[in-house]
1. With the requirement that a residue be over 20 Å from residue 198 (Cα atoms) and either buried (at least 21 other Cβ atoms within 10 Å of the Cβ) or free of Cβ contacts under 8 Å to residues at least 24 places away in the same chain (or both), what does the stretch 134-145 give you?
2. Among the residues of the stretch 148-170, which ones are over 15 Å from the mean Cα position of the chain (by Cα), closer than 22 Å to residue 23 by Cα and assigned to a strand (DSSP E or B)?
3. Do we have any residue at all in the stretch 90-102 that's surrounded by 20 or more Cβ atoms within 10 Å (Cβ to Cβ), on the phi < 0 side of the Ramachandran plot and modelled with pLDDT under 95?
4. With respect to the numbered conditions (1) touching a strand residue (DSSP E or B) at 6+ places or on another chain (Cβ under 9 Å); (2) more than 23 Å from residue 35 (Cβ to Cβ), which one is the sole condition not fulfilled by residue 160?
5. Restricting attention to the stretch 97-133, which residues are closer than 19 Å to residue 37 by Cβ, outside any strand (DSSP E or B) and free of Cβ contacts under 8 Å to residues at least 40 places away in the same chain?
6. Can you tell me how many residues in the stretch 189-212 are crowded, with 17+ Cβ neighbours inside 10 Å, more than 15 Å from residue 126 (Cα to Cα) and in contact with a strand residue (DSSP E or B) (Cβ under 6 Å, 6 or more places away or on another chain)?
7. Against the definition (at pLDDT 95 or above, assigned to a strand (DSSP E or B) and more than 15 Å from the chain's Cα centre (by Cα)), how does residue 145 come out, yes or no?
8. Name the residues in the stretch 72-96 that are assigned to a loop (DSSP other than H, G, I, E, B) and touching a residue at least 24 places away in the same chain (Cβ under 8 Å), would you?
């Protein structure tokens, strides 16, 4: 059964599974957690369908099962899509992707890399986020995220010292209009070293959650 269907209200539209992945958040040999991306159609106009996208992660049976993460829900990574007043339109437009799994922090734990794009009447924004275990509990949360207007892509750089992220997209200096990026193509690397997330060069907006 769909993870998100478990939490859906009775009579709500049925979600469609878009992607799924098993993640060993606690490290090899400690059970895998099921991550899923799903979407549900909220409405249509003559040429488009408007969907609510969601990300959900379930605990292994060895930890009691049940949902450990859901957005929208326990995290605001994805907004709730709402109908525009007096129009057959829903905003924001959304898309969510499971990019890959890596070991970005010291130790054996693994983290899940996701990408979310949301837009309204403009070019929108992209959030790249690392999801992982928080503390010693059975909950999953956002460990760090990077945001950029219009576009942002990511690749995982593998390393025995810990994986890193290669971020690429348009760079906007402060007060630069969305139509005209300061640099159309820019790259930065994000890695965790000595207890800190380090982005070099500092081109895209780094967001550190208050609760790790």
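1. Correct list: 136, 137, 140.
2. 157, 164, 166 - these are the residues of the stretch 148-170 that are over 15 Å from the mean Cα position of the chain (by Cα), closer than 22 Å to residue 23 by Cα and assigned to a strand (DSSP E or B).
3. Yes.
4. The failed condition is (1).
5. 124
6. Residues flagged as crowded, with 17+ Cβ neighbours inside 10 Å, more than 15 Å from residue 126 (Cα to Cα) and in contact with a strand residue (DSSP E or B) (Cβ under 6 Å, 6 or more places away or on another chain) within the stretch 189-212 amount to 4.
7. Spelling it out, it is not the case that residue 145 is at pLDDT 95 or above, assigned to a strand (DSSP E or B) and more than 15 Å from the chain's Cα centre (by Cα).
8. Scanning the stretch 72-96 gives 73, 74, 75, 77, 78, 79, 80, 81, 88, 89, 92.
The values are calculated or read from the model by the stated rules, or taken from the named source; none is laboratory data. Quick caveat: nothing in here was measured; it's all calculated off a predicted structure. Every residue, glycine among them, receives a Cβ derived from its backbone with ideal geometry; neighbour counts consider all protein chains shown.
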